[in-house]
Amino acid sequence: MLFRSDDSTAATPQRIYNAAASVSVRLRVTDPAGASATTALVITAGNSAPLVAIDTPRVGKRWGVGDEIAFSAPATDPEQGVLPASAYTWRLTLQHCPSACHAHPSGVWEGVRSGSFAASGHEYPSYLELTVTARDAGGLEASRTVELFPQVAHITVT
């Protein structure tokens, strides 16, 4: 990994890399009183992030407790073409929202393009959030998320 230390006072500094490489960049910001903060980030020059979409489940899918929900996604990369199953990670999170939402991690599937899970119940209001992440050989990632809401019924008891 390369490290560059170029000082710039520009509001939007830019640097052009002429060869593919992973480069560690740092940003230091200093306010008029002299206080400063620094952050670092690795960028991958000469590599584009993959493209990923969720085929199933479709947006708007409603589910009941115990329903089997299938998931699948295609992912391609401008440099690599179709990504292998090993490039995929799926995360299922149950979002429970009695007032402010909080997350309940509910499943992780690594190295698969598709699969399924059984929907579990939780105190209402809640919904499922399914996220797929595809990572290319250069380490760049792209993610997509679909929110899945439960079937609900309003009943009146007298």
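Restricting the search to segment 116-158, which residues are of a type in the set (S, T, Y) and either touching a residue at least 60 places away in the same chain (Cβ under 8 Å) or under 21 Å from W90 (Cβ atoms) (or both)?
The answer is S116, S120, S126, Y127, T131, T133, S143, T145.
Answer yes or no as to whether R58 is assigned to a loop (DSSP other than H, G, I, E, B), among the basic types (K, R) and either in contact with a strand residue (DSSP E or B) (Cβ under 8 Å, 6 or more places away or on another chain) or within 17 Å of S114 (Cβ to Cβ) (or both).
yes
Pairs, please: C-beta under 6 Å, at least 6 apart or cross-chain, first residue over 21 Å from F71 (Cα atoms) and in segment 92-105, second of a type in the set (S, T, N, Q)?
H96/S126; C101/Q95
For segment 82-125, give me every one of the strands (runs of 3 or more DSSP E) that falls completely inside it and has 1 or more residues that are of a type in the set (G, A, S) and either within 15 Å of S72 (Cβ to Cβ) or open to solvent by 30 Å² or more (accessible area, probe 1.4 Å) (or both).
Answer list for segment 82-125: 102-110, 114-118.
Restricting to segment 41-71, give me the number of residues that are open to solvent by less than 60 Å² (accessible area, probe 1.4 Å), over 24 Å from H122 (Cα atoms) and touching a residue at least 24 places away in the same chain (Cβ under 8 Å).
9
The values are calculated or read from the model by the stated rules, or taken from the named source; none is laboratory data. Predicted model only: the values in this text are computed from it and were never measured. All Cβ positions, glycine included, derive from the backbone under ideal geometry; neighbour counts span all protein chains shown. Protein only, heavy atoms only, side chains kept; ligands, DNA and RNA dropped before computing areas. Shrake-Rupley method; radii C 1.70, N 1.55, O 1.52, S 1.80 Å.
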